[in-house]
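Down below is the structure, laid out as C-alpha cells.
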Amino acid sequence: MCCSRNYRDTDLQYVEALEILLQGLCGVNKERLRVHEICLKSGPNLGFVASEVRLLCDLEQSEPTWTVKHVGGALRGAGAEQISVLVRSMVESKASKNVLRLFYALGYKLDHELLRVGITFHFQRGAQITVTVSSVNKMLKLHATDEAVPVTPGIQLVEVTAPATSENYNEVVAAVSSFCEYLAPLLHLSKPGVSTGVVPTAAAAAASLMSDGGGTTL
Amino acid sequence: MSVVYCHIFRRLISYNPYRKKSTTMPLKRVFFWQPNAGSTVNSQILNEVSQCVESINGVKEGRWKATLTFYKPMLRDQALSAEFPREFIGISLPEQPNKYYFVLRFNKIVLESDSSIQLIMEKLQSYKSRVALNFEGFQYQLGDFQLRVGKVVPSHSENLRGIVMEVEYLPISSLEKSKQIMEEFFDIWQDAISKRSLPGRFIHIEPDFSDYGLADHYTSQHTAVQYTHVTSQLIASVQAVQTGRN
C-alpha cells in the first residue's frame with residue numbers, strides 16, 4: 001500500500017523555497033530525480049479485464065536501473081473519504097534491463113511515457129516518507145528522453161508518499177498528514193485528483209525562506 | 001576405487017590456476033537424464049546416481065529445490081493464441097531466494113527480477129500459472145565442485161518425470177575458461193556412472209547464451225535459461241517414449 005498527497009506549484013520561486021524548507025524539515029540531503037516512466041496496457045485480447053503496468057527507468061544512476069510497478073485501486077468507502085490521504089495498493093519489483101522487451105512480447109502495448117525530473121527526499125518521520133518535487137515531461141519522439149518537454153510548463157508536482165501495510169496504514173496516514181502540516185505556510189497538499197490553489201501565505205513564506213535560507217521559523 | 005577418484009580430483013584441483021573461490025557467481029552445467037530407447041526414468045535410477053556421487057567421495061550437504069512454472073495467457077478469444085508466447089516460464093532458484101526469473105524461450109528473452117514480480121503478475125491477471133515442476137534432491141560437495149542431483153516432479157504429484165544433475169565449479173565464473181575442467185570432470189563422472197550399467201545417460205546441451213544477450217561471465221540468468229532448455233528436452237524425451245509406446 002502507499003499513502004500520498006500531491007500539489008501543483010505554479011511559481012518556480014516557490015519551488016526553490018520549498019526545497020529550502022524540505023532540506024530543513026527532512027534532515028537529509030536531496031537526491032536528484034530523473035525517471036523515465038513507461039506506462040503499458042494489455043492488448044485488446046489479453047486478459048479478461050484490461051491491465052496496466054508501469055516500468056520505471058532510473059536515469060540518474062550511472063547504469064540505468066529498472067523497476068516494475070503495479071498501482072492498484074484506492075481504498076474505498078465512507079472511511080476512506082474521511083482520510084485526508086490517498087491509500088492504494090502498490091507493488092514494485094526491481095528488474096533487469098530486458099523488462100520492456102518482455103512485456104512487449106507478452107502482449108502489452110505502450111500507452112504513454114513520461115520523464116520526471118526533479119529532486120527527492122527520503123527520511124523517517126513516523127513512517128518512511130518520500131517527498132518528490134518534479135516536473136512532468138513528455139517525449140516528442142518515442143523514448144527520446146533527451147528531447148522531453150514539460151507537459152505543463154512552470155508547474156511542478158509535489159508528492160508525499162509512504163509505504164504502509166493493511167495493519168499500520170492508519171499510523172502512516174497520520175504521519176503523512178502531520179508532515180504535510182509543516183508545509184502548510186508554503187503550500188497545501190491534497191489527495192491526488194483534488195485541485196488546490198496557492199495558499200495565501202505562500203508568497204510571504206517563500207520570501208522568508210529565500211531571504212535567510214530557511215533560518216526563520218514559519 | 002574411491003582412492004583412485006580422490007587422486008584424480010586432487011589432480012584437477014591442483015591443475016586449476018583459478019583455485020581461489022570466485023567472489024562472483026560460480027558457473028554450472030545442468031544435465032538431464034536421457035533414458036535409453038524402450039526404458040523410462042524411475043526412482044531406482046535416481047538412487048543409483050546418488051550412490052554414485054557418494055562413491056566418488058561426494059559429501060552430502062543438504063536438500064535443494066528449484067521450481068519452474070509454465071504460464072498461459074488469459075485470452076478472450078482462444079483463436080488468437082498464436083499471437084502470444086508459446087512458452088512463458090517462471091523460475092525460482094535456491095541460490096537466489098529473493099529473485100524470480102522469467103524466460104521466453106522462443107523470443108530468447110530472460111529477465112531477472114525481485115520475487116515480488118509474481119505478485120504483480122497475479123494482480124495483472126493477464127497470465128496465470130498452468131503447471132509447475134519441482135526440481136529437488138540433495139547436494140554434494142566434491143572439492144571445488146558442487147553437485148546437485150534431483151528428481152523432477154509436478155508440484156502436486158510425486159510422479160517422477162525426470163532426473164537432473166547440476167555440476168557447479170566454484171572457482172570460476174567464465175564459461176570459456178571453465179570448459180576444459182568441466183569436460184574433464186564429466187569424463188570422470190561418466191566413467192563412474194557407466195559401471196552401474198544404468199539404462200540411460202546424463203546429457204548436457206548448452207543453450208546459446210548469447211542469443212539471450214548473456215555474456216561469458218556466468219549468472220543466475222544463465223541457470224534460468226539452462227533449466228528452461230532442460231525442461232523442454234525432458235518433455236520431448238517423455239513424449240518420444242509415449243509416441244514409441246503408441
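Since every read-out is calculated from the coordinates, none of them should be taken as a lab result. Small disclaimer: the values here were computed from a predicted structure and weren't measured. Every residue, glycine among them, receives a Cβ derived from its backbone with ideal geometry; neighbour counts consider all protein chains shown.
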Between A:34, A:76, A:88, where does the largest GNM mean-square fluctuation fall for chain A, given springs only between Cα atoms within less than 10 Å? A:76
Cα centroid distance between the stretch B:22-81 and the stretch B:144-184, in Å? 8 Å
Computed from the beta carbon distance with a Förster radius of 30 Å, FRET efficiency for residue A:97 and residue B:190 to the nearest 0.05 stands at 0.20
Using θ = phi - 60° and the Karplus relation 6.51 cos²θ - 1.76 cosθ + 1.60, list the HN-Hα couplings for the stretch A:125-140 in order, rounded to whole Hz, with x at every Gly or Pro. 8, x, 6, 7, 9, 10, 10, 10, 10, 8, 9, 9, 10, 10, 9, 7
Suppose R0 equals 22 Å. What FRET efficiency, 1/(1 + (r/R0)^6) with r the Cβ-Cβ distance, do residue A:112 and residue A:31 give to the nearest 0.05? 0.30
So for A:160, B:238, A:173, fewest C-beta neighbours within 10 Å to most, what's the order? B:238, A:173, A:160
Kindly point out which whole DSSP H helices in chain B project their C-alpha atoms 15 angstrom or further along the helix axis while averaging a Kyte-Doolittle hydropathy of 0.0 or above. B:2-15
Scaled by the rule-of-thumb 2.2 N^0.38 Å, the alpha carbon Rg for the stretch A:2-211 gives a ratio of 1.07
Shielding of B:98-110 by partners, i.e. mean partner chain Cβ atoms within 10 Å per residue? 3
Spacing of the two label points (7 Å from each Cα toward its C-beta) at residue B:61 and residue B:116, in nm: 3.0 nm
Chymotrypsin sites (Phe, Trp or Tyr not before Pro) within the stretch B:105-179: which are DSSP loop residues with at most 16 other Cβ atoms inside 10 Å? B:106
Qualifying aspartates and glutamates (Cα of each under 17 Å from Cα of residue A:41; at least 8 residues distant if same chain): A:52, A:92, A:111, A:113, B:83, B:122
How far is helix A:169-182 tilted, in degrees, relative to the longest principal axis of the Cα atoms in chain A, given as a value from 0 to 90 rounded to the nearest 10? 50 degrees
Ordered by fewest other Cβ atoms within 10 Å, a rough proxy for footprinting exposure, A:146, A:58, B:114 read A:146, A:58, B:114
Go ahead and set up a Gaussian network model of chain A, Cα springs under 10 Å, then flag whichever of A:94, A:30, A:69 fluctuates most. A:94
Compute the acute angle (0 to 90°) between the alpha-carbon long axis of helix A:202-212 and the principal axis of greatest extent of the alpha-carbon atoms of chain A; round to the nearest 10°. 70 degrees
Most mobile of A:85, A:151, A:176 per a Gaussian network model of chain A (Cα springs, under 10 Å)? A:151
What FRET efficiency would be calculated for the residue pair residue B:132, residue A:48, taking the C-beta separation as r and a Förster radius of 22 Å, to the nearest 0.05? 0.50
Estimated [θ] at 222 nm from DSSP helical runs (n ≥ 4, -39500 (n - 2.57)) normalised by residues in chain A, nearest 500: -7500 deg cm²/dmol
